[in-house]
Amino acid sequence: MKAPPAGVRLVMEAVCVMKGIKPDRVPDATTAKKVDDYWRTSLRVLGDMHFLESLISFDKVDSYRWPSAFFPPSVLYFIIIS
């Protein structure tokens, strides 16, 4: 899939960030500056045979430290219990 919907790109970028997977650095088509490209990385992640298992068994409380500056305590509570 060369041009996925924006929602798919966003979700896969979030998965890569949660799992600590670094993006590819590619030149931007308009500015020629290097930008993070999570889609290429996402294609490799999606090709992993154990991708779904790794998401199911992902320990969202211990594996990822939620920055409390981004979320108020009431939101963090619902993130942790979900």
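The values are calculated or read from the model by the stated rules, or taken from the named source; none is laboratory data. A quick note: this is a predicted structure, and the numbers were derived from the prediction, not measured. Because the Cβ atoms are built from the backbone with ideal geometry, glycine has one as well, and the counts that use them run over all protein chains shown.
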Residue match in segment 61-71 (condition: modelled with pLDDT under 70 and polar (S, T, N, Q)): yes
Verdict on Val15 being outside any loop (DSSP other than H, G, I, E, B) and modelled with pLDDT under 90: yes
Qualifying residues in segment 37-58 (those that are among the polar types (S, T, N, Q) and in contact with an Asp or Glu (Cβ under 9 Å, 6 or more places away or on another chain)) - the one farthest from Pro27 (Cα to Cα): Ser54
Answer residue from segment 18-57, given it is without any contact (Cβ under 8 Å) to a residue 12 or more places away in the chain and among the β-branched types (Val, Ile, Thr) and is farthest from Lys2 (Cα to Cα) among those: Ile56
Residue check, Met49 under 21 Å from Asp59 (Cβ atoms) and modelled with pLDDT of 90 or more: yes
Every residue from segment 19-37 that is in contact with a helix residue (DSSP H, G or I) (Cβ under 9 Å, 6 or more places away or on another chain) and under 18 Å from Phe58 (Cβ atoms): Lys19, Ile21, Lys22
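Table: residues versus (1) more than 26 Å from Ile80 (Cα to Cα); (2) not hydrophobic (A, V, I, L, M, F, W, C).
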residue	(1), (2)
Lys2	yes, yes
Leu10	no, no
Met18	no, no
Ile21	no, no
Val35	yes, no
Thr41	yes, yes
Val45	no, no
Met49	yes, no
Ile56	no, no
